[in-house]
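S.K.: I'd like to ask some things about the structure below.
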Amino acid sequence: MKLIELVPLKKISDLRGSMIAIENNKDIPFEIKRVYYIYDTPKGVSRGFHAHINLIQLAVAVKGQCTFILDNGKERASVVLERPDQGLIIRSHMWREMYDFSDDCVILVLASEHYDESDYIRDYSCFLDAISSS
Ligand code: T46
């Protein structure tokens with residue numbers, strides 16, 4: 001499985017501008033149960049630093065840009081999200097860190113599950129233990 005899985009999102013453009021529609025199980029490989037967005041991130045702030053046990057998500061920079069680092073315990077890779085027509089799939093058991101948010105950055109996240117704090121692994125050594133025993 002590739003660390004960085006980018007999904008193209010079909011842009012519908014006409015003289016009035018552009019629109020993107022995302023449908024369950026069609027444009028993305030899961031059913032959307034939750035939507036949230038991250039914005040107004042102050043300069044120099046980083047977010048994430050956790051993995052999920054079950055959750056799958058799609059992250060889209062609908063405005064501005066930020067850098068995601070994904071880490072499967074063996075390799076790390078980074079990607080700059082900067083296009084509203086491209087989504088990043090973040091699978092379960094994938095450590096994520098987010099850096100370098102532009103002032104105008106808005107990250108839209110579509111999630112496969114409702115919010116559940118018990119699904120988070122917020123300690124990197126616990127993450128390594130979890131993947132070595134899975
Ligand atoms: C992820 C990355 C990309 C809620 O109450 N409901 C929610 O749906 C979410 C996502 C968060 N929260 C609460 C939990 C914390 O008290 O909001 C607070 C901030 O969450 P967190 O520190 O986990 O935020 P990030 O930006 O580090 O991580 C978030 C998501 O939590 C996470 O699943 O993959 O964005």
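The values are calculated or read from the model by the stated rules, or taken from the named source; none is laboratory data. Just so you know, these numbers come straight off a predicted model, no measurement behind them. Using ideal geometry, Cβ is built from the backbone for each residue, glycine included, and neighbour counts are taken over all protein chains shown. Please note that ligands, DNA and RNA were not included when accessible areas were found on the heavy atoms of the full protein model with its side chains. Shrake-Rupley method; radii C 1.70, N 1.55, O 1.52, S 1.80 Å.
S.K.: Return the sequence-ordered ³J(HN,Hα) values of the stretch 86-99 in whole Hz as given by the Karplus equation 6.51 cos²θ - 1.76 cosθ + 1.60 applied to θ = phi - 60°, using x for Gly and Pro.
M.R.: Per-residue couplings from phi come out as 8, x, 10, 7, 10, 7, 5, 6, 10, 5, 10, 9, 10, 9 Hz.
S.K.: State the extension gain, in nm to one decimal, for the chain segment bounded by residue 39 and residue 54, taking 0.36 nm per residue of separation less the distance between their alpha-carbons.
M.R.: Values: separation 15, 0.36 × 15 = 5.40 nm, distance 2.47 nm.
So the extension gain works out to 2.9 nm.
S.K.: Can you pull out the trypsin sites (Lys or Arg not before Pro) in the stretch 62-134 that DSSP calls coil and that have at most 16 other Cβ atoms within 10 Å? Present the calculation step by step, with values, prior to reporting the outcome.
M.R.: Numbers: sites: 63, 74, 76, 91, 96, 122; in loops: 74, 91, 122.
Here the trypsin sites (Lys or Arg not before Pro) that fit, given the DSSP loop and packing criteria, are 74, 122.
S.K.: Based on the alpha carbon coordinates of the chain, what radius of gyration and maximum Cα-Cα distance (Dmax) apply, in Å?
M.R.: 15.0, 54
S.K.: Using the Karplus curve 6.51 cos²θ - 1.76 cosθ + 1.60 with θ = phi - 60°, work out ³J(HN,Hα) for each residue of the stretch 52-60 in order, rounded to whole Hz, and write x for Gly and Pro.
M.R.: 3J(HN,Hα) across the stretch 52-60, in whole Hz: 10, 7, 10, 5, 10, 9, 10, 10, 10.
S.K.: Leaving out ligands, DNA and RNA, what percent of the accessible area of the chain is carbon and sulfur, probe 1.4 Å?
M.R.: 51 percent
S.K.: Could you name the lysines in cross-link range of residue 10, using Cα to Cα under 16 Å and dropping any fewer than eight places away on the same chain?
M.R.: 26
S.K.: Rounded to whole Å and sorted largest first, list the principal axis extents of the Cα atoms in the stretch 8-68.
M.R.: Cα extents, longest axis first: 39, 31, 17 Å.
S.K.: Here's a follow-up. What aspartates and glutamates does residue 11 reach when the alpha-carbon gap must be under 17 Å and sequence neighbours fewer than 8 apart in one chain are set aside?
M.R.: 23, 27, 82, 85
S.K.: Would you mind pulling out the separation of the Cα centroids of the stretch 1-33 and the stretch 80-134, in Å?
M.R.: 18 Å
S.K.: Next question, about the same structure. Over the chain, give the accessible area per residue in Å² for a 1.4 Å probe, as an integer. Working shown, then result.
M.R.: Working: 7910 Å² over 134 residues.
I get 59 Å² per residue for this part.
S.K.: Mind checking which of 36, 99, 120 has the largest fluctuation in a GNM of the chain, springs on alpha carbons under 10 Å?
M.R.: Comparing 36, 99, 120 in a Gaussian network model of the chain, the most mobile one is 36.
S.K.: Among the trypsin sites (Lys or Arg not before Pro) within the stretch 22-59, which fall in a DSSP loop and have no more than 16 other Cβ atoms within 10 Å of their own Cβ?
M.R.: Those that pass, being in a loop and sparsely packed, are 26, 33, 43.
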